[in-house]
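Visitor: Structure incoming, see below.
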Amino acid sequence: MGEINKPDLEFENLLKEQNIYKNKPLKTLVYLYKDNIWRLFVSFIFFIIKHSPAWVMPIITANVIDIASGPATHNLRELWINLIIASVLIIQNVPTSILYTKFFSQALRCVEAELRSKLVRKLQILSISYHKQLKSGKIQSKVLRDVEAITVLSRQIFNGFVPTILNIVVALTITLTKSFTVAIFFMMSMPVSFFIIKHFRKNIRKTNRDFRKDIEEMSANVAEMVELVPITRAHGLENVEINRMDKQLEKVRHSGYNLDIVTAFLGASGWAVFQVFQVGCLAFTGYLAYRGKISVGDVVLYQSYFSSILNQVSSLINVYPDIVKGFESIDSVGEILLSDDVEDNKGKLKLTNVKGDFYFKSVGFNYETSERPVLSDFNLKVKAGECIAFVGESGAGKTTILNLIIGFNKASKGKLFIDGMDITGIDLRSYRKNIAVVPQNTILFSGTIRSNITYGLTNVSEEEIRQVVESSNLTQVVAKLPKGLNTSIGEHGGMLSGGQRQRIAIARALIRDPQIIVLDEATSALDNISELHVQKAMRNLVSGRTTFIVAHSLSTIRDADRIVVMRNGRCVECGTYTELLDLKGEFYNLKQLQG
């Protein structure tokens, strides 16, 4: 029957990450690079080498000025030595820059790909209800825009923050060896930058958060707008949709403008303050040189170092909004990675085969957002190989029952047993390998007919494909296409009719030779002639297999073993087609309405 599933390492890893992601964006960033530390270390070494001219050139410049201004105490040999050192340092910058970029880019792109992979894997185990609540456009924004923002954050930290710290350390070290007084002046200017950042930090975070949320909402609305284009055009509602999008775009414009103003004010304030400090440094070192405390070359040396430090700190202040944006994006992707609304199969029974016996025991179901139950005290026993049809008005609970069977929903009350086992103790992934589903709204991807039919399967023979194509009434359709089965059907099968898309979905179910079949209005998009062909194929398909059908047209379920009539989440009648007509109850009334 099955075996106990070994711990799902992927799921366990995702759970472990939760302790790292929650409210600790910096620790999260470090964690993301844990497998690429050696690349970062190597790139850091090459960075120091390539960046060395920025620290040595001020010394060489000061030496050259002192040599030129004091020929009595210096000779040309000293001048040439300094120039040769400068030339070597400049030339080495080319290969070391390439090597630095190579290792840093490898680490960066690995983390970028791995983070998107983590998001994709987490999205695959999140519950269906989670996906229904979170708009697809927002998910796309998190996977694309937020991960890119985290990549930018990594660049800013490594290319901005690290050089700034190094420049400060090197400049202060060299300055301390030459003049303690000037070093004190340098150190006095540093707290100013931190005060400026602290002053603007709250506004920067708020405006970044508002802008991110508005961008996500816009992304979701754009995705929704594209889906609604046929409906919009069919009803002449173009201006209504344009006005709706304009309102969202105006929100994005306003929040983006606020972010730009705060960012500009931060950058301008930092620049002005540091320019004043730079003038002060020039005046202070010039005064010391005038009094003979330091040489003229030292004035250039200190001014170069101080200018370098201020430029680096100023640059860091300018990119601070991007750093905040990156940390905000870490929180954003954490909304997915931290979610515990997952389908946890860890340690559950892994099925190797399924017979198809079902038992609904006093099953009730209601959504968390609603107090009104969708199903109430639903009881039904289904033997392996039976064909059960569900009928009733919209909202009666028919599709909810199918979602319980597939495992998309969990019963709020009661229990559902499969082959005598509680579904809550079963590894649903192994169970679903025995199921084929044909949904009411056909789901196809932008590929060929062949790839849509054989989706997820390997080593499918041409004869098997030919048989399911014929059984699904697709033979003539395929024959008329320019490349037959290898014809691309466009996004969501947009190049095909509704009936053709539905038949491809039926072929996808047929080729899997499943033990359990779930059909949700599977023939609703077919014309009368195609429906007759598909019904014949369905009779062959359901033979010997447990089948659940939700049908609108009662004529399509005439051959079902039992028909369950639903009303307000309860089973009000159950029997064969003939038995229910003879009762002249709910089913009889539905039949009369259809004529």
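Visitor: Can you work out which of the residues in the range 557-594 that are open to solvent by 40 Å² or more (accessible area, probe 1.4 Å) and closer than 22 Å to Arg372 by Cβ is farthest from the chain's Cα centre (by Cα)?
Guide: Of everything passing the filter in the range 557-594, Glu586 is farthest from the chain's Cα centre (by Cα).
Visitor: Which one of these is modelled with pLDDT of 75 or more and in contact with a Phe, Trp or Tyr (Cβ under 8 Å, 6 or more places away or on another chain): Val169, Val162, Val147, Val152? Explain how you work it out, then say what you get.
Guide: Values: Val169 fails: in contact with a Phe, Trp or Tyr (Cβ under 8 Å, 6 or more places away or on another chain); Val147 fails: in contact with a Phe, Trp or Tyr (Cβ under 8 Å, 6 or more places away or on another chain); Val152 fails: in contact with a Phe, Trp or Tyr (Cβ under 8 Å, 6 or more places away or on another chain).
Of the residues listed, the single one that is modelled with pLDDT of 75 or more and in contact with a Phe, Trp or Tyr (Cβ under 8 Å, 6 or more places away or on another chain) is Val162.
Visitor: Write out, first by first residue and then by second, each pair whose Cβ atoms fall under 7 Å of each other, whose residues are 6+ apart or on separate chains, and whose first residue, in the range 323-352, is at positive phi and in contact (Cβ under 8 Å) with a residue 60 or more places away in the chain while the second is open to solvent by 40 Å² or more (accessible area, probe 1.4 Å) and assigned to a loop (DSSP other than H, G, I, E, B).
Guide: Gly347/Pro7
Visitor: Name the residues in the range 328-354 that are at pLDDT below 80 and open to solvent by 30 Å² or more (accessible area, probe 1.4 Å), would you?
Guide: Glu335, Leu338, Asp340, Asp341, Glu343, Asp344, Lys346, Gly347
Visitor: Only one of these conditions is not met by Leu115: (1) open to solvent by less than 60 Å² (accessible area, probe 1.4 Å); (2) at pLDDT below 80. Which number is it?
Guide: (2)
Visitor: Continuing with this model, one more query. Let me confirm something: among Ile435, Ile449, Ile443, Ile453, which residue is under 14 Å from Ile406 (Cα atoms) and of a type in the set (Val, Ile, Thr)?
Guide: Details: Ile449 fails: under 14 Å from Ile406 (Cα atoms); Ile443 fails: under 14 Å from Ile406 (Cα atoms); Ile453 fails: under 14 Å from Ile406 (Cα atoms).
That would be Ile435, the only listed residue that is under 14 Å from Ile406 (Cα atoms) and of a type in the set (Val, Ile, Thr).
Visitor: Of the residues that sit in the range 397-416 and are open to solvent by less than 40 Å² (accessible area, probe 1.4 Å) and polar (S, T, N, Q), which one is nearest to Ser376 (Cα to Cα)?
Guide: Thr400
Visitor: Being basic (Lys, Arg), more than 24 Å from Ser307 (Cβ to Cβ) and crowded, with 17+ Cβ neighbours inside 10 Å is true for just one of Lys50, Lys138. Which residue is that? Please lay out each step first, then the result.
Guide: On the way: Lys50 fails: more than 24 Å from Ser307 (Cβ to Cβ).
One residue alone meets the criteria, Lys138.
Visitor: Is it the case that some residue within the range 417-428 is buried (at least 19 other Cβ atoms within 10 Å of the Cβ), in contact with a Phe, Trp or Tyr (Cβ under 8 Å, 6 or more places away or on another chain), closer than 30 Å to Leu496 by Cβ and of a type outside the set (Lys, Arg)?
Guide: no
Visitor: Can you say whether Asp322 is at pLDDT 80 or above, more than 16 Å from Ala54 (Cα to Cα) and surrounded by fewer than 22 Cβ atoms within 10 Å (Cβ to Cβ), as far as the supplied structure shows?
Guide: Taking the combined requirement at face value, the residue does not satisfy it.
Visitor: Pick out the one residue from Gly498, Gly494 that is open to solvent by 50 Å² or more (accessible area, probe 1.4 Å) and either at pLDDT below 80 or in contact with a strand residue (DSSP E or B) (Cβ under 8 Å, 6 or more places away or on another chain) (or both). Can you show your working first?
Guide: Details: Gly498 fails: open to solvent by 50 Å² or more (accessible area, probe 1.4 Å).
Result: Gly494 is the single residue among Gly498, Gly494 that is open to solvent by 50 Å² or more (accessible area, probe 1.4 Å) and either at pLDDT below 80 or in contact with a strand residue (DSSP E or B) (Cβ under 8 Å, 6 or more places away or on another chain) (or both).
Visitor: Condition test on Lys293, is it surrounded by fewer than 20 Cβ atoms within 10 Å (Cβ to Cβ) and either among the charged types (D, E, K, R) or at pLDDT 75 or above (or both)?
Guide: Values: surrounded by fewer than 20 Cβ atoms within 10 Å (Cβ to Cβ): yes; either among the charged types (D, E, K, R) or at pLDDT 75 or above (or both): yes.
When the stated conditions are applied, Lys293 passes them.
Visitor: Turning to a different aspect of this structure: Pick from the range 300-311 the residues that are of a type outside the set (Ser, Thr, Tyr) and open to solvent by less than 20 Å² (accessible area, probe 1.4 Å): which of them is farthest from the chain's Cα centre (by Cα)?
Guide: Quick first cut of the range 300-311, residues of a type outside the set (Ser, Thr, Tyr) only: 300-301, 303, 306, 309-311.
Cutting the leftovers down to open to solvent by less than 20 Å² (accessible area, probe 1.4 Å) gives us 301, 306, 309-310.
Values: Leu301: 50, Phe306: 43, Ile309: 38, Leu310: 38 Å.
Checking each candidate, the answer is Leu301.
Visitor: With the condition kept exactly as written, say whether any residue in the range 203-216 is farther than 23 Å from Gln140 by Cα, at pLDDT 70 or above and part of a helix (DSSP H, G or I). Step through it out loud before you land on a result.
Guide: From the range 203-216, those farther than 23 Å from Gln140 by Cα are 203-204; that's our starting set.
If we keep only those that are at pLDDT 70 or above too, we end up with 203-204.
Okay, now just the ones that are also part of a helix (DSSP H, G or I), so 203-204.
Scanning the range 203-216, I find at least one residue that is farther than 23 Å from Gln140 by Cα, at pLDDT 70 or above and part of a helix (DSSP H, G or I), so the answer is yes.
Visitor: From the list Val319, Val333, exactly one residue is more than 17 Å from Leu126 (Cα to Cα) and either outside any strand (DSSP E or B) or touching a Pro at 6+ places or on another chain (Cβ under 8 Å) (or both). Which is it? So that I can check it myself, show each step before the final result.
Guide: Details: Val333 fails: more than 17 Å from Leu126 (Cα to Cα).
Matching residue, one of Val319, Val333: Val319.
The values are calculated or read from the model by the stated rules, or taken from the named source; none is laboratory data. These numbers come from a predicted model, not from an experiment. Positions of Cβ are backbone-derived with ideal geometry, glycine not excepted, and every protein chain shown enters the neighbour counts. Please note that ligands, DNA and RNA were not included when accessible areas were found on the heavy atoms of the full protein model with its side chains. Shrake-Rupley method; radii C 1.70, N 1.55, O 1.52, S 1.80 Å.
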